[in-house]
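Before any comments, here is the structure.
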Amino acid sequence: MSADADTTATATMTGGVVFRVGDAQFFLPATIAAKVLPMPGVARVPGAPVDLVGVALVEGEMVPVVAIGELDGRGSRRPPPTQRSRADNRPMLVCTYLGERVGLVGLEIVATGFFEATDPEHVEHGGAPAPLFDVGEVVARLREGRWAV
Amino acid sequence: MSPPSDNSKRRLFRLLRRGSRTSPTNGRSAIEESALWAAHQRAATAVRDSGEAAQRIASHVAKQRGTVDALADRARAVSARAQDLSTSFGRIVDSFARLELVALNAGLEGARMGEGASQALGLVSDEVRAQSTRGSEASRELSTTLAEIGSELLQVNASLDRTREAAAEVAQEAARVSGASADAERALVDIGDRLRKATGSDPETARAIAEATDHARALVAALGTLSGKVPQTLVVSALRPVLEPLARMLDGEDDEPG
């Protein structure tokens, strides 16, 4: 889990974002989670790892977009095609890790703010524990791929 | 009924005489001819009525078709408006979704600011997110309802199309009935002409014969009631002034030359 995640308030309260991937709930501290954006237009990267959806232009910067869950799964909250509007409102969580930005998709944002930390690796939200999400592992997996970003 | 002229009377009596002898050509009595003319008249009236009824039906169907067309136009207009509204609701849902993301980002920003400072921002963020979620759900429900209305309107349009087709078929059938009635009317006129030539009578004469026959029957019945009660000489003397001209006419004494 992220060793860089730091608590932003007291020892028992941690600021950040709780999100859901499938049935599992995770937490990212506000120092890593930068902002939540609607899914931008993504350029596919031929031969890229399956998890790498592509690259997108976010605030003038090319950012790799990584699927951490099913894009059309329940967690993505993507409406069925008949109810889908022109805009893609699936959320993309933009994270900053070791100076690099990465966009996470295939998730459902549950809440932002301060959450009670049960231990350094977990916070609690809605009566359920949310472990810290390991962004480092995602970035490392991308770096290991032939098409490193 | 106007009193018959002398000519009519003579013609009537000629027919009565012929009726009493039965026709040598076809064996039909004047009474049968009268019944035939009556049937012909009834048929002519019925055919004329059916033709007029068919035209009235065609007229009503044309009006109904106009109403159905107007209704279909309105249904299509409402369907188009529902489609526009559905698109608008889609945009509203998008806006609420973006607002929800703004609220989430406000909460995240508050988390970066520190617990104390971010409390108010967090409250506002939560409230905005809750309201945008409610708005988004309400908009989706409205959008779904509109889609259902649109679907219903499609069915209404389909029903109206079927009604229009049925009206067109009824109009065709009415036109066919009207044409057939016109044919039947012409045929009946032809039958009337041929009947007139064949029998030498016409509907008015036939009707007069029927009435005269009724009167004659009544006279015979009245004489029957007198039989045996009143001396025959008295009856003959009383009726002779009236019956003698009748008897002469029936014997053909007043036949005009040629």
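The values are calculated or read from the model by the stated rules, or taken from the named source; none is laboratory data. What you are looking at is a predicted structure, and each value in this text was computed from that prediction instead of being measured. Every residue, glycine among them, receives a Cβ derived from its backbone with ideal geometry; neighbour counts consider all protein chains shown.
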Criterion violated by B:Ser79 - all others in (1) of a type outside the set (D, E, K, R); (2) within 45 Å of the chain's Cα centre (by Cα); (3) at pLDDT 90 or above satisfied: (3)
Any chance B:Ala117 is closer than 26 Å to A:Leu28 by Cβ, modelled with pLDDT of 90 or more and more than 7 Å from chain A (Cβ to nearest Cβ): no
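Which residues, counting only those in the stretch A:101-149, are in a strand (DSSP E or B), small (Gly, Ala, Ser) and surrounded by 15 or more Cβ atoms within 10 Å (Cβ to Cβ)? Break it down into steps so the answer makes sense when it comes.
Residues of the stretch A:101-149 in a strand (DSSP E or B): A:101-105, A:108-119, A:122-125, A:128-132.
From the residues that got through so far, the ones that are small (Gly, Ala, Ser) too are A:103, A:111, A:113, A:117, A:128, A:130.
Of everything in the stretch A:101-149, those that are in a strand (DSSP E or B), small (Gly, Ala, Ser) and surrounded by 15 or more Cβ atoms within 10 Å (Cβ to Cβ) turn out to be A:Gly103, A:Ala111, A:Gly113, A:Ala117, A:Ala130.
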Mind listing whichever residues of the stretch A:44-55 are more than 17 Å from A:Arg90 (Cβ to Cβ) and either without any contact (Cβ under 8 Å) to a residue 40 or more places away in the chain or crowded, with 22+ Cβ neighbours inside 10 Å (or both)? A:Pro46, A:Val50
Being assigned to a helix (DSSP H, G or I), buried (at least 18 other Cβ atoms within 10 Å of the Cβ), at pLDDT 90 or above and more than 14 Å from chain A (Cβ to nearest Cβ) is true for just one of B:Ala54, B:Ala46, B:Ala106. Which residue is that? B:Ala54
Does B:Ala208 fit the bill of being within 30 Å of B:Gly51 (Cβ to Cβ), of a type in the set (Gly, Ala, Ser) and in contact (Cβ under 8 Å) with a residue 12 or more places away in the chain? yes
I'd like to check something: does the stretch A:14-23 contain any residue that is within 13 Å of the chain's Cα centre (by Cα), over 18 Å from B:Gly107 (Cβ atoms) and at pLDDT 90 or above? yes
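Condition first: more than 30 Å from B:Ala72 (Cα to Cα) and touching a helix residue (DSSP H, G or I) at 6+ places or on another chain (Cβ under 6 Å). Now tell me which residues in the stretch B:157-181 satisfy that. Break it down stepwise before answering.
First pass over the stretch B:157-181, keeping only residues more than 30 Å from B:Ala72 (Cα to Cα): B:179-181.
B:Ser181 - this is the single residue of the stretch B:157-181 that is more than 30 Å from B:Ala72 (Cα to Cα) and touching a helix residue (DSSP H, G or I) at 6+ places or on another chain (Cβ under 6 Å).
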Any hit, the stretch B:67-78, residues being in a helix (DSSP H, G or I), within 30 Å of B:Ser151 (Cβ to Cβ), at the interface with chain A (Cβ under 8 Å from one of its Cβ atoms) and not polar (S, T, N, Q): no
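Looking at B:Gly135, B:Gly90, which is the one that is at the interface with chain A (Cβ under 9 Å from one of its Cβ atoms) and either without any contact (Cβ under 8 Å) to a residue 40 or more places away in the chain or part of a helix (DSSP H, G or I) (or both)?
On the way: B:Gly135 fails: at the interface with chain A (Cβ under 9 Å from one of its Cβ atoms).
The unique qualifying residue is B:Gly90.
Give B:Thr163, B:Thr233 a once-over and let me know the one that is free of Cβ contacts under 8 Å to residues at least 12 places away in the same chain and either not in a helix (DSSP H, G or I) or not aliphatic (A, V, I, L, M) (or both).
Working: B:Thr163 fails: free of Cβ contacts under 8 Å to residues at least 12 places away in the same chain.
Result: B:Thr233 is the single residue among B:Thr163, B:Thr233 that is free of Cβ contacts under 8 Å to residues at least 12 places away in the same chain and either not in a helix (DSSP H, G or I) or not aliphatic (A, V, I, L, M) (or both).
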Can you go through B:Leu99, B:Leu146 and tell me which one is in contact with a Ser or Thr (Cβ under 8 Å, 6 or more places away or on another chain), in a helix (DSSP H, G or I) and modelled with pLDDT of 90 or more? B:Leu99
Take the conditions more than 9 Å from every other protein chain (Cβ to nearest Cβ), closer than 30 Å to A:Phe19 by Cβ, without any contact (Cβ under 8 Å) to a residue 12 or more places away in the chain and among the charged types (D, E, K, R) and apply them to B:Glu141. Does it pass? yes
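Given the criteria surrounded by fewer than 16 Cβ atoms within 10 Å (Cβ to Cβ), modelled with pLDDT of 90 or more and more than 14 Å from every other protein chain (Cβ to nearest Cβ), does A:Leu98 qualify?
So A:Leu98 fails the test.
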